[in-house]
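Trainee: Have a look at the structure that comes next, please.
The values are calculated or read from the model by the stated rules, or taken from the named source; none is laboratory data. This one's a predicted model, so the numbers in the text were calculated from it and none came from an experiment. So basically every Cβ, Gly included, is an ideal-geometry build from the backbone, and we count neighbours across all protein chains shown. To get the accessible areas, we keep the full protein, side chains included, count just its heavy atoms, and leave off ligands, DNA and RNA. Shrake-Rupley method; radii C 1.70, N 1.55, O 1.52, S 1.80 Å.
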Amino acid sequence: MNDADAGTAPLIALEGVTRAYTSGEGTVTVLRSLDLSIMAGEMVAIVGASGSGKSTLMNILGCLDRPSEGRYRIAGRDVAQLTADERASLRSAHFGFIFQRYNLLAELTALGNVEMPAIYAGLSPGTRRARAAALLGRLGMASRLAHRPGQLSGGQQQRVSIARALMNDAEVILADEPTGALDRHSGEEVLRILDELNAEGRTVIIVTHDMNVAARARRIIEIDDGRIVDDRRSGADRAPPPAASTAPAATRPGWRRKLDPFREAFRMALMSMNAHRLRTGLTMLGIVIGVASVVCVVALGEGSRQRVLANISELGTNTIEIFAGKDFGDTRSGKITTLVAADAEQLARQPYVAAATPTVSTQSTVRLGAKEASALVNGVSERYFAAKGTKLARGSFFNAASVTSRALDVVIDENTRKALFDTAGVEPIGTVVLIGTVPARVVGVTQPQQGGFGSSQNLSLYLPYTAVQTRILGSTALRSITLKIRDDVDSAYAAQEVTRFLTQRHGSKDFFILNTDDIRRTITSTTQTMTLLIAAIAVISLVVGGIGVMNIMLVSVSERVGEIGVRMAVGARPVDILQQFLTEAVMVCLLGGAVGVGLALACGVAFSLAGSPFTLIYSSGSILIALTCSSFIGVAFGYLPARNAARLDPVTALTNSRQ
Ligand code: ADP
Ligand code: MG
């Protein structure tokens, strides 16, 4: 304010102000070339019939709306040249609005409503709470601080809204039909308060269509059809006392003030999420499902990978199998007889080989009394079991002596034991079974193999390979040789050496090599690809969830225009509104993400309780990524609705709220 002519220059000056609305058929001119000046400390009543343009004028005065033509100056500053943010801070610092319908936020308490302007002005929480309580106390509301608007009478609500108008120590109180919705007594009370405020030196502008109310003012301006038709004064104006500012100055470190809006936005978001619990829950559902599936799928992939790898280790770590033939399914492999026991003996002497065990195999029937089944007969050496990591359930493995003596000692697997001995009630160890027509004595039973990979319904028998070659097959050819590679040797190197050695020995490459390390690598990369693929699908569901969030936020914004209008009227800048809605979107998504992670963990527990063959192994990485993703989705999909909210015109927002 310019001090030099503070006494003579008007606080508010309108020159030729016109306000026209463009509607479907054309333009509606509501205010027509209005000239008006109001001095600081005046108490003015604006009267006129309904629809004459009083509220429109009021909104322009309060910088909620702008004239289509003409000039509006406040304390000499042209409002047309102010940015949206500057207008917001003008509203915040200089104007206090009192509305006919109070326009309190239903989710906030009386205290919360009164505090709101100070939040946007950057006052510290303690100071503003104390000030709000003091103001409410002054207006006789000390016992109603924690009441919500719905729990207050009309008169009480209007007193709350007066306290809110005074929160930032407004110089100008703009009251648009403040008594319109009140009974006589409450109306009188409100007018008495306004009178008092004027006596303190504040400029009070009341819009009313009630001449009794207007009579309280010392200046009455009458509007008809957008024009001032009368401007009369009754009695002398009060000499404006020096307006001593009682508003505590916002003298706090910059970073604290910068942090405050975030905290407030966070609090507001929580409050509005709580107020619309069902809607918030449904909005979150998409994110919950998306995050839960991402985390679950990744955990499932990791679980199966580790399980498969464990199964491979069960097959024997660091082993190489050499088969006769070109590849699996080579029809001639049965006829290739070049892979012989001598190869195994020679290979066993190689420096990189810890053990070499030859295997032969054939399919044959196995019989015990009347029981008969088809089984895979494996001819192996005594070292085979150690190389494969096979464990015994009972009995023993055959030894080197059995191999040299071609003993018909047989180790049976669990499937065979079930097939032959379960119903017979005979102790397997020591019992003689018939393999084809050859009798063999059971010396051991192996433990069942764990889980998926490698376990089967097949029956397997293990005999010394020498016995199988001579007694059953009548051939010295081997099916394969299993090599256990020394621990300090790389299996790829060993495979290469074996290939070189055998090719030289046989004169041609009539064998192929299966390396468990290769299998391990292949399976790892396959499960990783699968996990990636399914995770990608889950991410799509996350995006769909994000679109859901955007939808609901858009609805939420249009539902809460009134709230946005009120916030803007008390000084919220567009960026404050943007922040509030963005925070809400991010919190919905983040909360959804957290619930989703919880759900995924619960899934894992449920899986293991149900004894499912799947194991879920969670990585903190995937959980972190899921949560980051969901907050990112909140920002990405919350931005559009939040921006829509921030772009709302304060006056449009307020007008719509009244309908
Ligand atoms: P009142 O004196 O009753 O407060 P208002 O200022 O609210 O009157 O409205 C004056 C006129 O302007 C009314 O005829 C109303 O229909 C019109 N009006 C107000 N706002 C708009 C708008 N956003 N678009 C079009 N016409 C409007
Ligand atoms: Mg009106």
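Trainee: Restricting attention to the range 33-53, which residues are within 16 Å of ligand 2 (Cβ to nearest atom) and either open to solvent by 10 Å² or more (accessible area, probe 1.4 Å) or small (Gly, Ala, Ser) (or both)?
Mentor: Ala45, Gly48, Ala49, Ser50, Gly51, Ser52, Gly53
Trainee: Out of the residues in the range 356-385 meeting the condition of being out of contact with any strand residue (DSSP E or B) (no Cβ under 7 Å at 6 or more places or on another chain) and among the hydrophobic types (A, V, I, L, M, F, W, C), tell me which one is least open to solvent (accessible area, probe 1.4 Å).
Mentor: Going through the qualifying residues, I end up with Phe385.
Trainee: Of all residues in the range 475-516, which are assigned to a loop (DSSP other than H, G, I, E, B) and open to solvent by 50 Å² or more (accessible area, probe 1.4 Å)?
Mentor: Thr476, Arg479, Arg486, Asp487, Asp488, Asp490, Gly507, Ser508, Lys509, listed by residue number.
Trainee: Please work out which residue is nearest to Ser475 (Cα to Cα), limiting yourself to the range 341-351 and to residues that are surrounded by 19 or more Cβ atoms within 10 Å (Cβ to Cβ) and not small (Gly, Ala, Ser).
Mentor: The selected residue is Asp343.
Trainee: Residue by residue through the range 116-141, note down the ones that are at pLDDT 90 or above and either in contact with a Pro (Cβ under 6 Å, 6 or more places away or on another chain) or open to solvent by less than 10 Å² (accessible area, probe 1.4 Å) (or both).
Mentor: Met116, Pro117, Ala118, Thr127, Arg128, Ala132, Leu136, Met141
Trainee: When you scan the range 566-659 for helices (runs of 4 or more DSSP H) that lie fully inside it, which ones turn up with 1 or more residues that are open to solvent by less than 60 Å² (accessible area, probe 1.4 Å) and more than 16 Å from ligand 1 (Cβ to nearest atom)?
Mentor: Answer list for the range 566-659: 574-609, 620-647.
Trainee: Kindly indicate whether any position in the range 553-567 is within 30 Å of Ala310 (Cβ to Cβ) and not assigned by TED's automatic domain parsing to the domain that holds Ala170.
Mentor: Within the range 553-567, not a single residue is within 30 Å of Ala310 (Cβ to Cβ) and not assigned by TED's automatic domain parsing to the domain that holds Ala170.
Trainee: Need the failing condition index for Ala146 against (1) in a loop (DSSP other than H, G, I, E, B); (2) surrounded by 18 or more Cβ atoms within 10 Å (Cβ to Cβ); (3) away from ligand 2 (no atom under 16 Å from the Cβ), just the number.
Mentor: Only one criterion is unmet by Ala146, namely (2).
Trainee: Also, I was wondering about something else. Consider Ser92 against the criteria (1) within 15 Å of ligand 1 (Cβ to nearest atom); (2) assigned by TED's automatic domain parsing to the domain that holds Arg164: it satisfies all of them except one. Which criterion is unmet?
Mentor: The failed condition is (1).
Trainee: I would also like to ask the following. Please tell me if Ser525 is outside any helix (DSSP H, G or I), surrounded by fewer than 16 Cβ atoms within 10 Å (Cβ to Cβ) and of a type in the set (Ser, Thr, Tyr).
Mentor: So Ser525 fails the test.
Trainee: On to the next question. (1) open to solvent by 30 Å² or more (accessible area, probe 1.4 Å); (2) in a helix (DSSP H, G or I); (3) closer than 29 Å to Leu514 by Cα; (4) not hydrophobic (A, V, I, L, M, F, W, C): which one isn't true of Tyr462, the others all being true?
Mentor: Of (1) open to solvent by 30 Å² or more (accessible area, probe 1.4 Å); (2) in a helix (DSSP H, G or I); (3) closer than 29 Å to Leu514 by Cα; (4) not hydrophobic (A, V, I, L, M, F, W, C), only one is false for Tyr462: (2).
Trainee: Another question about this same structure. Of the residues Ala181, Ala215, Ala163, which is surrounded by fewer than 24 Cβ atoms within 10 Å (Cβ to Cβ), hydrophobic (A, V, I, L, M, F, W, C) and closer than 16 Å to Ile98 by Cβ?
Mentor: Ala181
Trainee: Right, something else. In the list Asp176, Asp195, Asp210, Asp169, which residue meets the criterion of being closer than 25 Å to Gly571 by Cα and over 52 Å from the mean Cα position of the chain (by Cα)?
Mentor: Asp195
Trainee: Tally time: how many residues in the range 67-105 are within 30 Å of Asp183 (Cα to Cα), charged (D, E, K, R) and open to solvent by 30 Å² or more (accessible area, probe 1.4 Å)?
Mentor: Result for the range 67-105: 1.
Trainee: Would you confirm, using the coordinates I've provided, whether Ala401 is of a type in the set (A, V, I, L, M, F, W, C), open to solvent by 20 Å² or more (accessible area, probe 1.4 Å) and farther than 16 Å from Ile472 by Cα?
Mentor: Against the criterion (of a type in the set (A, V, I, L, M, F, W, C), open to solvent by 20 Å² or more (accessible area, probe 1.4 Å) and farther than 16 Å from Ile472 by Cα), Ala401 qualifies.
Trainee: Oh, and also: Hey, any hits in the range 29-36 for a residue that's within 16 Å of ligand 1 (Cβ to nearest atom), modelled with pLDDT of 90 or more and acidic (Asp, Glu)?
Mentor: Looking for residues that are within 16 Å of ligand 1 (Cβ to nearest atom), modelled with pLDDT of 90 or more and acidic (Asp, Glu), one finds none in the range 29-36, hence no.
Trainee: Can you tell me how many residues within the range 9-23 are near ligand 1 (Cβ under 10 Å from one of its atoms) and either loosely packed, with under 10 Cβ neighbours inside 10 Å or among the β-branched types (Val, Ile, Thr) (or both)?
Mentor: 2
Trainee: Okay, moving on. Does Leu14 meet the test of being closer than 18 Å to Met568 by Cα, touching a Leu at 6+ places or on another chain (Cβ under 7 Å) and at pLDDT 90 or above?
Mentor: Taking the combined requirement at face value, the residue does not satisfy it.
Trainee: Further, regarding this structure: Looking at the range 191-211, which of the residues that are farther than 17 Å from Phe97 by Cα and in contact with a Gly (Cβ under 9 Å, 6 or more places away or on another chain) is nearest to ligand 1 (Cβ to nearest atom)?
Mentor: His209
Trainee: Of all residues in the range 171-188, how many are away from ligand 1 (no atom under 16 Å from the Cβ), in contact (Cβ under 8 Å) with a residue 24 or more places away in the chain and out of contact with any Leu (no Cβ under 9 Å at 6 or more places or on another chain)?
Mentor: Adding up the residues that qualify gives 5.
Trainee: I want to confirm something. Restricting to the range 40-85 and keeping residues that are touching a Cys at 6+ places or on another chain (Cβ under 9 Å) and more than 26 Å from Arg232 (Cα to Cα), which single residue is farthest from ligand 1 (Cβ to nearest atom)?
Mentor: For the range 40-85, the residue satisfying everything is Leu82.
Trainee: Which numbered condition trips up Lys391, out of (1) open to solvent by less than 70 Å² (accessible area, probe 1.4 Å); (2) touching a strand residue (DSSP E or B) at 6+ places or on another chain (Cβ under 8 Å)?
Mentor: In the conditions (1) open to solvent by less than 70 Å² (accessible area, probe 1.4 Å); (2) touching a strand residue (DSSP E or B) at 6+ places or on another chain (Cβ under 8 Å), Lys391 misses (1) alone.
Trainee: List the strands (runs of 3 or more DSSP E) that sit entirely inside the range 317-422 and contain at least 3 residues that are in contact with a helix residue (DSSP H, G or I) (Cβ under 6 Å, 6 or more places away or on another chain), closer than 24 Å to Pro439 by Cα and not polar (S, T, N, Q).
Mentor: 353-368, 371-380
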